[in-house]
1. State whether one or more residues within region 55-63 are surrounded by fewer than 13 Cβ atoms within 10 Å (Cβ to Cβ) and touching an Asp or Glu at 6+ places or on another chain (Cβ under 6 Å).
2. Restricting attention to region 34-53, which residues are assigned to a loop (DSSP other than H, G, I, E, B) and hydroxyl-bearing (Ser, Thr, Tyr)?
3. Look through region 70-85, keep the residues that are surrounded by 14 or more Cβ atoms within 10 Å (Cβ to Cβ) and part of a helix (DSSP H, G or I), and return whichever of them is modelled with the lowest pLDDT.
4. Taking region 1-33 on its own, how many of its residues are basic (Lys, Arg) and in a helix (DSSP H, G or I)?
5. State all residues of region 33-46 that are farther than 16 Å from Ala71 by Cα and either charged (D, E, K, R) or under 12 Å from the mean Cα position of the chain (by Cα) (or both); if no residue qualifies, say none.
Amino acid sequence: MGRIFTFLFGVLTGAVGLAIAMQYAVVRANDGFHFVPKVQPCLRDAYVDVRSFSADDWRQHPQLAASLVRADRTHLLSDPALTTMRDTLDRLLGGPAIETTP
């Protein structure tokens, strides 16, 4: 009886893990881990480390980008190269490179 209980417990644990992986993406960013609901249930992008993502990487993960926008986590979409360039322009120009007006 003990082996069958262990087997069934494993099956249940796997099913729950699969259901969670289908509905949520675990995104690792510079500020920690984020659990983001997916736009469309799938196993792709169950775990993604976006700390060194470039624009090309984001083109390969359009569903993840859409999920981040829908979950209002657009700060995770930043490209480190663009951020570095923006900071350099800020220093050279003595202020924000792009000013927004309300």
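The values are calculated or read from the model by the stated rules, or taken from the named source; none is laboratory data. On a predicted model such as this, the values are computed, not experimentally measured, just so you know. Here the Cβ positions follow ideal geometry from the backbone for every residue, glycine too, while neighbour counts run over all protein chains shown.
1. Yes, region 55-63 contains a residue that is surrounded by fewer than 13 Cβ atoms within 10 Å (Cβ to Cβ) and touching an Asp or Glu at 6+ places or on another chain (Cβ under 6 Å).
2. Just the residues of region 34-53 that are assigned to a loop (DSSP other than H, G, I, E, B), to begin with: 38-46, 50-53.
If the condition is that a residue be assigned to a loop (DSSP other than H, G, I, E, B) and hydroxyl-bearing (Ser, Thr, Tyr), then Ser52 is the only one that fits.
3. At the first step, the residues of region 70-85 found to be surrounded by 14 or more Cβ atoms within 10 Å (Cβ to Cβ) are 71, 73, 76-79.
Adding the requirement that they be part of a helix (DSSP H, G or I) leaves 76-77.
Working: Leu76: 84, Leu77: 81.
Looking at the filtered set, the residue picked out is Leu77.
4. Result for region 1-33: 1.
5. Residue satisfying the conditions is Arg44 alone.
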